[in-house]
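Let me begin by presenting the structure, written as structure tokens, before commenting on it.
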Amino acid sequence: MKLKLTLALSLMLILMLGLAPMMSSAQTVPVPDDDTLVIAINGEPGSMDPAQVGGSTGGSNFRIMMHTFATLYELGQASGAIDPYLAHSFTVSDDGTEWTFHMHEGLTCDDGEPLTAEDAAYSFNRMADPANGFTGNSAGFVVASTGFVEARADSELDVTIVARKPQNRAMRLGLYSEVLVHCKDSYEAMSFEEAARNVVGSGPYSLAEWVPGEYMSLKAVEGFGLRPQGFENLVWRFIPEPSTAVAEVITGNVDIYKEFPASQAEAIRNSGMAEARFFPGTTRTYIGFNLNPDAPFRVENPDDVGAQAIMRTDVRVALQYAIDTDAICENLLLTTCERATSLVNPSNADHPTLEPYPYDPAKAEELLDAAGYPRGDDGVRFSLEMPARRLTGAMAPEVVLATAQMLTDIGVQTEAIFQESGDWVAALITHDLGPLYFGRTGGSEWSAQYDMADIPGHEAGCGEAETNYTNWNNDFWCTGWDTLPSLTGDPEAERELEIAMLEEFYNDPPWIMLFAGPRTEAVSNRINYQSRADYFITGYSATLKDDM
Amino acid sequence: MHTYIIRRLLLTVVVVLGVTLLTFLSIHLAGDPTFFYVSERASAEERAEARRRLGFDRPLHVQYFDFLFNLARGDTGNSLTHRVPAFDVVMERMPATLELTIGGFLLSTIVAFPIGVLAATRRGTMADGTLMLGAMLGQSMPGFWLGLMLILFFGVTLRWMPVSGHVAFLKPLFEGRIDEALTNLPGAIRYLLMPMVAVSVYSISRNSRLIRSAVLEVLRQDYVVTARAKGLTERTVMMRHAIRNALIPIVTVLALQFAFLLNGVIVVETVFSWPGVGRLVFDAVSQRDVPLVLTAVVLLSFLFVSANLIADLMYGFLDPRIRLE
Amino acid sequence: MSATQEPNPAMSESRISAIDRQIDEMYAPQTFWQRATSSMVRARYPVVAIIFLTLIALCAILAPQLAPKDPNRIEIFDTLKPPLSYDRDGELEYILGTDSTGRDVLSRVVYGARISFFVGLAAVGLGGGVGTILGLTAGYLGGRVDDLIMRLADIQLAYPFILFAIMILTILGEGVLNLVLVLGVGQWVTYARIARAETLVQREREFVEAVRALGATEWRIMFRTILPNILTPLIVIASFNVAGVILSEASLSFLGLGVPESVPTWGAMLANSRNQLLSGSWWLAVFPGLAIMFTVVSLNILGDWLRDFLDPRLRGSGQGL
């Protein structure tokens, strides 16, 4: 009995080992080679439907779909650039509402279908149609921010996109550049379920293999002339744990890993396998003052000194002096960063002359004393709660805790409360989060108004508008925002008003301005690759170094 | 026996119902899931519209019975994030989780057995002390930590093992592609090794201590004393009498281990980028993907109940004194 | 000593009384604590475990006095100082170094004892208490009540614990009490099952019959008569479970769930150290890691000993391991 079992087992083993090489080649985890670039990302794409990008539902699919799909224009690598892509140029109607893009000839989708203006129009209408139920960046954000009405094909190569009102040109072009173009016939033939799992792309790469939970492998599209294709294969590996991803970089199994924990930089450098890059990002990091008079923490607790105190401009100005952003960046994020003067990124078209509030705790205390909030016997002036989320990088818990400590040090006892992302967002949207909250908001390098759009004008309700999470009701700002669209034909006047508005933001701050969160990126020594300040990873532009 | 199994299966239905109800209530108590499926810039009307489209505007009991009704028809609904049937999404990952759990189970049994028996037969010696100290230490390390240490030592420093990743074995096997499964096997084992160790060290330690006590207990029994008195060799005593009788309590606990191991996989899957259900369901909870969470919980609890059933059946099989009714 | 026997004249009075005393000592019923102490001293390891656990308990109680610094005080210019760091004046400032925000590791380890112990004991107390009462009730009353409680137990058992913890902590948010609740609820079934099985045995015993015949109420029988007789295995399991809870807390911290950032725990310290690990800041992991390891090992040794001492029957039954 025992002998038989042993025999059978050994036989099986011999068979397996003997036959293995003769059969089809074994599946392996993709590793970098001369034809293959491996990129690590923490999240995993859910749907690969080009109308369902980013947002809380898609995670990282936007990064990948930027390779499988092209856009009319593209948010460029260089700071502030928006480059032609499927379209070579565009014209704007006199009233600024109708934008016509002129597309290249001879474009095709992955399945060979010609890509024309009809397809571009279809892509816009498909994602915007509420009946299709799309959410995320295109359907949720672009449609609302541009006031999208409809798209139509004027001819074979000309597509016109209609919006309700004019808008800052750079801002609108940037927003239109976030809509992924896909072919009508291919996507009409697919159900939503099929479209979530299959890709008929229009970009430089096509989907070759998708192993759920593990990786997605893209293959260069032959004859795609609009963008470089540095590597034949682009592999996106899904690695949820940052320490593991860094270990993969160190062992040479991953070429690019964006947003590694700053503290791992030394380990990456010491490995000799990769560079550990630090550079300014575009995501604005700030502490919001919730000024909503109907917020539950004010209504339920009318005697709460802190919640009332921050309603005053002088108090909000005083608190600006309490935060040492340089110390935070140098000691916690291990890089340097520039403190913001307003809600516009320092690298974007921010205010030309304003100086960031300096770190001056003595002055902060002096101003608070003058405002009538002296330290009590316990050294506390008033107390505030600061809801935050557990995020990484510039929004890491350490940064949140350090800011709370700095506020506490000037007598404003601040408690950071880490909430589940969903609860935090739900309270944020309904303007109930606070009294302070530690937040971030995506920013750009190509339009001041893109960054300013967080706080819209009277027309959208100003204080009540959904995105005005602080419920800041500054009349000058709100009026200014309503005036801006009428100035799109006169860039100088437009800029002048922007600058005046930013000054108002500085003087009557609804935020404690921090910085545009610095980003990190590990890049293998074997490749040439230019890091981007924004969220994206342009894998197609990476090339193998000559001496490799 | 048959009635017993039928009763247990009926019980399974009750359990799955309870589990879904609990999950359903908790995920809805955690706030309106709609907020995860609208943009942060959505207006109140847009949110209401999204809520209606997703069906979250209906009364909770309607939503729950709807889910149950559809589940009974085999329709789990589409995952809100993956936008394909939730059942498919979970089943895609199930093989990887099973690989890890079964691998961990086998390892924890195969390694724990000789350790436990050896320690019991050498009771009070240096070997016993060392093994049991090792077992104690193995029981005092959180799984994620052990996993990271393995990566650091065998993956990064020594470069003997791949840091993370997965080669499929069970999936092609289940899909009938046996030759592919066999071709993948060496690679699959290579990638499985470290996660398997991380998931099972706690169990190995626990089991070897358990096996040692079980064997010691049996050695103290009259029939073993008699066997020794009869002049049987120590080896025969051990094999014939001691180990065989010690098996009964051991097997019960081992079978329960399977369920216990499933607990550890969420953490270990995260550390080793293992494409299993654990990580999937963790993400689904944080994204409030209601259909996906419910489906995953139903399937996982079904697995739990099955493992427990097998444990009970084996118990009855090994110990004829126990009648299952 | 029978009256017909003469005392041995060769044996002096004092000698006899000495032997009597010895015999008394050998056979007289020792108190429970005397037996416990001698059993423990004989086994040696439990003594070490008790001493270590006492030290940790002292740390927990006297944390504010023992910790050299405020465990949550962030010193942004003193981040990642290695152990035995001196300040500018040459004074020893950070004995065990600082973490990535400049918080004192020693103080956090000392305060961590507090939370780890509290969470461990409270969760086991909660789970053990609820489980025991439910198990006792189910076993004693039987019938529908038994069915209901045991089906609840089945449901709980079919729910992967960590998934349950994620769900509940997602709803309740982070907090020490929420963590206690989750970890407590996660283990009531173990106690309920054992309490029920033991109750089924005790219920049929003569002394219970006797008490019942005397007209005692059901409550009195359950809690005054049966409960004390089923406690032993439950106490043994509880000692192992405290160790399990400390480890579970660490795993939840790794997943970003658990206690607030302002509450130092060993598990969270260990989990947070992973980002510094590759960069060689070993002290962030080693000290909380050692604290967890020694505590868990001590609790297990103590559990082993308790089992052998209180209820040798349990040996090999797998319970409590």
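The values are calculated or read from the model by the stated rules, or taken from the named source; none is laboratory data. Values in this document were obtained by computation on a predicted structure and should not be read as measured data. Virtual Cβ from ideal backbone geometry, glycine too; neighbours counted across all protein chains shown.
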Which of the residues that make up region A:46-84 are modelled with pLDDT of 85 or more, under 16 Å from A:Asp534 (Cβ atoms) and assigned to a loop (DSSP other than H, G, I, E, B)?
A:Val53, A:Thr71, A:Gly76, A:Ala81
Name every residue in region C:170-181 that is among the hydrophobic types (A, V, I, L, M, F, W, C), out of contact with any Ser or Thr (no Cβ under 6 Å at 6 or more places or on another chain) and either crowded, with 24+ Cβ neighbours inside 10 Å or free of Cβ contacts under 8 Å to residues at least 12 places away in the same chain (or both), in order of residue number.
C:Leu172, C:Leu177, C:Leu179
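If you take just the helices (runs of 4 or more DSSP H) that sit entirely in region C:27-92, which of them hold at least 3 residues that are without any contact (Cβ under 8 Å) to a residue 24 or more places away in the chain and either touching a helix residue (DSSP H, G or I) at 6+ places or on another chain (Cβ under 7 Å) or surrounded by fewer than 12 Cβ atoms within 10 Å (Cβ to Cβ) (or both)?
The helices (runs of 4 or more DSSP H) meeting that bar are C:32-43, C:45-61.
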Quick count over region A:31-90, residues being of a type in the set (Asp, Glu), more than 20 Å from the chain's Cα centre (by Cα) and either surrounded by 22 or more Cβ atoms within 10 Å (Cβ to Cβ) or within 30 Å of A:Glu188 (Cβ to Cβ) (or both), is 0
State whether the residues of region C:286-304 include one that is at the interface with another protein chain (Cβ under 9 Å from one of its Cβ atoms), surrounded by fewer than 22 Cβ atoms within 10 Å (Cβ to Cβ), on the phi > 0 side of the Ramachandran plot and not basic (Lys, Arg).
no
In region A:241-258, how many are surrounded by fewer than 22 Cβ atoms within 10 Å (Cβ to Cβ), touching a residue at least 40 places away in the same chain (Cβ under 8 Å) and within 12 Å of chain C (Cβ to nearest Cβ)?
1
Residues of region A:398-416 satisfying the condition of being within 29 Å of A:Ser243 (Cβ to Cβ), free of Cβ contacts under 8 Å to residues at least 40 places away in the same chain, surrounded by 21 or more Cβ atoms within 10 Å (Cβ to Cβ) and not small (Gly, Ala, Ser)
A:Val400, A:Leu401
Which of the residues spanning region A:197-245 are among the β-branched types (Val, Ile, Thr) and touching a strand residue (DSSP E or B) at 6+ places or on another chain (Cβ under 7 Å)?
A:Val199, A:Val221, A:Val235, A:Ile239
On the basis of being under 30 Å from A:Arg63 (Cβ atoms) and within 26 Å of the chain's Cα centre (by Cα), does A:Ala327 make the cut?
no
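Each row is one residue, and each column tells you yes or no for (1) assigned to a loop (DSSP other than H, G, I, E, B); (2) away from chain C (no Cβ under 14 Å).
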position	(1), (2)
A:Gly379	yes, no
A:Glu398	no, no
A:Leu401	no, no
A:Gln405	no, no
A:Leu428	no, yes
A:Phe438	no, no
What number of residues in region A:330-354 are within 14 Å of another protein chain (Cβ to nearest Cβ) and within 19 Å of the chain's Cα centre (by Cα)?
1
Just checking, how many residues over region B:56-93 are away from chain A (no Cβ under 11 Å), under 29 Å from B:Ile266 (Cβ atoms) and of a type outside the set (Ser, Thr, Tyr)?
14
Only residues that are more than 13 Å from every other protein chain (Cβ to nearest Cβ) and not in a loop (DSSP other than H, G, I, E, B): list them for region A:32-45, please.
A:Asp33, A:Thr36, A:Leu37, A:Ile39
When the residues of region A:191-214 are filtered to those that are away from chain B (no Cβ under 14 Å) and under 22 Å from B:Ala96 (Cβ atoms), which remaining residue is farthest from the chain's Cα centre (by Cα)?
A:Ala208
Having 1 or more residues that are closer than 28 Å to B:Leu25 by Cα and modelled with pLDDT of 90 or more is the bar; report the helices (runs of 4 or more DSSP H) wholly within region C:142-223 that clear it.
C:143-158, C:176-185, C:188-203
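Please go through region A:428-455 and pick out each residue that is farther than 26 Å from A:Thr341 by Cβ and at pLDDT 90 or above.
Residue satisfying the conditions is A:Asp432 alone.
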